[in-house]
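Undergrad: Shown below is the structure under consideration.
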Amino acid sequence: MNGRKYAAEAIGTFWLTFAGCGSAVIAAGFPQVGIGLLGVSLAFGLTVVTMAYAIGHISGCHLNPAVTVGLAAGGRFPTNQILPYIVAQVAGAVVAAGVLYLIASGAPGFDLAKGFASNGYGEHSPGKYGLFAGFLTEVVMTMMFLFIIMGATHGKAPAGFAPLAIGLGLCLIHLVSIPVTNTSVNPARSTGPALFVGGWAMGQLWLFWVAPLIGGALGGILYRWLSEEPSGQVVGTAPAE
């Protein structure tokens with residue numbers, strides 16, 4: 001039933017946001033043995049790999065409004081399911097940010113002003129990159145992410161390896177773009193932490209909706225042009241109600 005698909009998307013996006021952002025908030029800078037940018041990049045990739053195997057057969061494992069929109073633009077997802085998928089994804093991300101806050105705030109010296117893994121540009125970019133650089137990065141990275149997803153889930157792609165290709169793709173995206181925007185490519189992931197940080201994070205959140213959605217649509221359309229032959233929709237196989 002569709003309710004199971006939405007629940008799967010909420011749970012999957014919870015895991016992506018909690019574990020991905022949690023790796024940055026809790027483990028990245030831990031004295032002497034912190035995982036650093038490489039570890040955070042790997043953590044985000046692993047969230048997608050693990051959830052793709054866990055719920056891909058239920059909902060398609062989008063975990064990301066830009067993925068949902070991009071798959072629809074590429075002809076691989078029904079447009080009437082875009083809104084409920086996005087609502088489920090955002091809900092999962094917000095709950096994840098709440099749980100992460102409860103855990104992270106238990107440490108002495110915790111300070112939301114440090115960013116709480118929020119995405120930003122200008123003064124709030126890890127590398128102080130400006131608005132245009134942040135916008136272009138998010139568009140291009142999300143476009144290529146959708147290109148990878150469309151190809152990896154194509155009917156003629158090697159069977160069973162899509163989660164690895166997609167997860168490694170997200171890891172690579174983070175390896176490149178964390179210094180620019182702290183890497184979004186996912187409006188839901190950006191919304192959860194921003195709600196807790198407030199202020200500047202909410203003021204800049206628009207970019208991390210607009211740019212990934214544009215990039216996702218471009219990636220879906222580009223791959224659809226490159227490979228026009230029909231292939232299965234990425235919707236999972238939960239039984240109909």
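The values are calculated or read from the model by the stated rules, or taken from the named source; none is laboratory data. Worth saying up front: this structure is predicted, and the values here are computed from it rather than measured. So basically every Cβ, Gly included, is an ideal-geometry build from the backbone, and we count neighbours across all protein chains shown. We work out accessible area using only protein heavy atoms, side chains counted, and drop any ligands, DNA or RNA first. Shrake-Rupley method; radii C 1.70, N 1.55, O 1.52, S 1.80 Å.
Undergrad: How many residues does segment 18-40 hold that are open to solvent by less than 50 Å² (accessible area, probe 1.4 Å), under 13 Å from ALA104 (Cβ atoms) and in contact (Cβ under 8 Å) with a residue 60 or more places away in the chain?
TA: Qualifying residue count for the region: 5.
Undergrad: If you don't mind, another one. Give just the number: which of (1) of a type outside the set (Ser, Thr, Tyr); (2) more than 20 Å from HIS154 (Cα to Cα); (3) open to solvent by 30 Å² or more (accessible area, probe 1.4 Å) does VAL69 not satisfy?
TA: (2)
Undergrad: A further question follows. Among the residues that make up segment 199-211, is at least one of them part of a helix (DSSP H, G or I) and polar (S, T, N, Q)?
TA: yes
Undergrad: Please specify each residue of segment 110-119 satisfying the condition of being assigned to a loop (DSSP other than H, G, I, E, B) and either exposed (fewer than 13 other Cβ atoms within 10 Å of the Cβ) or aliphatic (A, V, I, L, M) (or both).
TA: ASP111, ALA117
Undergrad: List, please: which pairs have Cβ atoms under 9 Å, are six or more places apart or on different chains, and start with a residue in segment 166-181 that is hydrophobic (A, V, I, L, M, F, W, C) and end with one that is at pLDDT below 95 and not in a helix (DSSP H, G or I)?
TA: These pairs meet every condition: ILE166/THR153.
Undergrad: Suppose we filter segment 141-200 for residues that are surrounded by fewer than 24 Cβ atoms within 10 Å (Cβ to Cβ) and basic (Lys, Arg); how many remain?
TA: Going through segment 141-200 one residue at a time, the tally reaches 1.
Undergrad: Residues VAL40, VAL67: which one is at pLDDT 95 or above and more than 12 Å from the chain's Cα centre (by Cα)?
TA: On inspection, the qualifying residue turns out to be VAL40.
Undergrad: Could you check, for segment 41-53, whether at least one of its residues is surrounded by fewer than 24 Cβ atoms within 10 Å (Cβ to Cβ) and farther than 22 Å from PRO163 by Cβ?
TA: no
Undergrad: Still on this model: Name, by its number, the condition in (1) buried (at least 22 other Cβ atoms within 10 Å of the Cβ); (2) in contact with a Gly (Cβ under 9 Å, 6 or more places away or on another chain) that does not hold for VAL94.
TA: Of the numbered conditions (1) buried (at least 22 other Cβ atoms within 10 Å of the Cβ); (2) in contact with a Gly (Cβ under 9 Å, 6 or more places away or on another chain), the odd one out for VAL94 is (1).
Conditions tested, residue by residue: (1) open to solvent by 10 Å² or more (accessible area, probe 1.4 Å); (2) closer than 17 Å to THR183 by Cβ; (3) touching a helix residue (DSSP H, G or I) at 6+ places or on another chain (Cβ under 8 Å).
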residue	(1), (2), (3)
PRO84	yes, no, yes
PRO108	yes, no, no
TYR121	yes, yes, yes
LEU131	yes, yes, yes
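Undergrad: Being under 13 Å from ALA188 (Cβ atoms) and not aromatic (Phe, Trp, Tyr): is that true of ASN64 here?
TA: Taking the combined requirement at face value, the residue satisfies it.
Undergrad: Same structure again: Would you confirm whether or not segment 160-183 contains a residue that is at pLDDT 95 or above, outside any helix (DSSP H, G or I) and not β-branched (Val, Ile, Thr)?
TA: Yes, the conditions are met somewhere in segment 160-183.
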